[in-house]
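J.: The structure follows.
Taken together, the values in this text are just the output of simple stated rules run on the coordinates, not laboratory data. What you see is a predicted model, and the numbers here were worked out from it, not measured in a lab. All Cβ positions, even for glycine, are placed from backbone atoms using ideal geometry, and neighbour counts span all protein chains on display.
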Amino acid sequence: MAAAEVGDDVFGEDPTVNRLQSVMAERLGKEAALFVSSGTQANLLALMSHCERGDEFIAGHNAHAYRFEGGGGAVLGSIQPQPVTMTREGLLPLEAIAAAIKVDDFHFAKTRLVCIENTYDGHPLPMDYLRSVGELCRARNLSLHKDGARLFNASVATGIDVAELVAHCDSTSVCLSKGLGAPVGSLLVGSKELIAKARRIRKMLGGGMRQAGILAAAGLHALEHHVTRLSEDHEHARIVAAALNRRFQGRIEQNTNMIFLLLPEEELRPFLQHLNKHGITIHRPRWVMHRDINDDDVDWLLGAIDKYPS
Ligand SMILES: *Cc1c(COP(=O)(O)O)cnc(C)c1O
């Protein structure tokens, strides 16, 4: 990062940002990419680039882009969200999507975009599902955006190339700062036309950064060194979940790098307090493995789980 060659990215003149953008676009098999400050900003740019004021996007009722991003599409883009109930595995049933699409009638907002998320709560979406959603969107003349904050986890877990995972989407966001372990940043990836639009909106939102190459350098490092190692996080999650399952029979869910403890508050709280006494600070029933948790940390955690009186 300290040695990164930098320039003014607002004018597209930061060589390191440009390299990161072209590396990511190529890796995902799309025309262009845009480096942005966060996953939230990448998804917001996708909404605002695909949709006009008064348009509508369909998303899962628990999707990050619908539920956890401050309603940015509505607040800043005048884009109406249409949530549909998604499964625990992150699927928006095709019939539910089809039923939510508005007919062309001036009473209704214009349905323009469908958003899916991969991984969702650690679940990689199945390839045949991705194909079917893509076909549905094409048939109904809708764009398809994928929130791929954890896309590389999906790829490493399934062995399917990232480009294939996004082949059916018009755009995708990817976080460098989650499992990939870079300090800052996400990218929005899509067609040249879409990315040109997003670049304009990014500037409007105050997201045009100057010497951002120092951040992009970390992203390039992450792409080169931190992708295949995601399988270590998945393995750590699997081992920890197995230990938890011995304690809390069948009430532990684990997918890729995420673990969910499906325990009532009165059972969860004393357990977390116990871990706390062993020097492990966890506040929530959602645990996520990442590159700063190593084998020794996992052993420490397993030891503490083991010592929990049943
Ligand atoms: C983290 C995350 C985001 C948002 O990323 P930020 O960088 O925190 O804004 C979006 N979608 C998913 C699925 C995420 O996990």
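J.: Give region 180-225 a look and list any residue that's within 30 Å of Q254 (Cβ to Cβ) and either surrounded by fewer than 16 Cβ atoms within 10 Å (Cβ to Cβ) or away from the ligand (no atom under 16 Å from the Cβ) (or both), or say none.
T.: Just the residues of region 180-225 that are within 30 Å of Q254 (Cβ to Cβ), to begin with: 180-189, 218-219, 221-225.
Listed by number, the residues that qualify are P183, H221, L223, E224, H225.
J.: Next question, about the same structure. Keeping to region 249-271, report how many residues are surrounded by fewer than 19 Cβ atoms within 10 Å (Cβ to Cβ), on the phi < 0 side of the Ramachandran plot and part of a loop (DSSP other than H, G, I, E, B).
T.: Of the residues in region 249-271, 5 are surrounded by fewer than 19 Cβ atoms within 10 Å (Cβ to Cβ), on the phi < 0 side of the Ramachandran plot and part of a loop (DSSP other than H, G, I, E, B).
J.: Follow-up question, since we're still on this one. Determine whether region 1-8 contains at least one residue that is in contact with a strand residue (DSSP E or B) (Cβ under 9 Å, 6 or more places away or on another chain) and either of a type outside the set (F, W, Y) or part of a loop (DSSP other than H, G, I, E, B) (or both). First the steps, then the outcome.
T.: At the first step, the residues of region 1-8 found to be in contact with a strand residue (DSSP E or B) (Cβ under 9 Å, 6 or more places away or on another chain) are none.
Looking for residues that are in contact with a strand residue (DSSP E or B) (Cβ under 9 Å, 6 or more places away or on another chain) and either of a type outside the set (F, W, Y) or part of a loop (DSSP other than H, G, I, E, B) (or both), one finds none in region 1-8, hence no.
J.: Continuing with the same structure: When you scan region 52-87, how many residues do you find that are surrounded by fewer than 23 Cβ atoms within 10 Å (Cβ to Cβ) and not in a helix (DSSP H, G or I)? Break it down stepwise before answering.
T.: Going through region 52-87, the residues surrounded by fewer than 23 Cβ atoms within 10 Å (Cβ to Cβ) turn out to be 52-56, 61-62, 64, 67-72, 74-78, 80-87.
From what is left, the residues that are not in a helix (DSSP H, G or I) are 52-56, 61-62, 68-71, 78, 80-87.
Of the residues in that region, 20 qualify.
J.: With the requirement that a residue be polar (S, T, N, Q) and within 11 Å of the ligand (Cβ to nearest atom), what does region 24-51 give you? If you could, list the steps in order and put the result at the bottom.
T.: As a first pass, look at region 24-51 and keep what is polar (S, T, N, Q): 37-38, 40-41, 43, 49.
Passing the criteria: S37, S38, T40, Q41, N43.
J.: Taking region 121-169 as the search range and keeping residues that are part of a helix (DSSP H, G or I) and acidic (D, E), which one is farthest from the ligand (Cβ to nearest atom)?
T.: Going through region 121-169, the residues part of a helix (DSSP H, G or I) turn out to be 127-139, 151-158, 162-165.
Going one step further and asking which of them are acidic (D, E), we end up with 128, 135, 164.
Details: D128: 21, E135: 23, E164: 19 Å.
The residue in question is E135.
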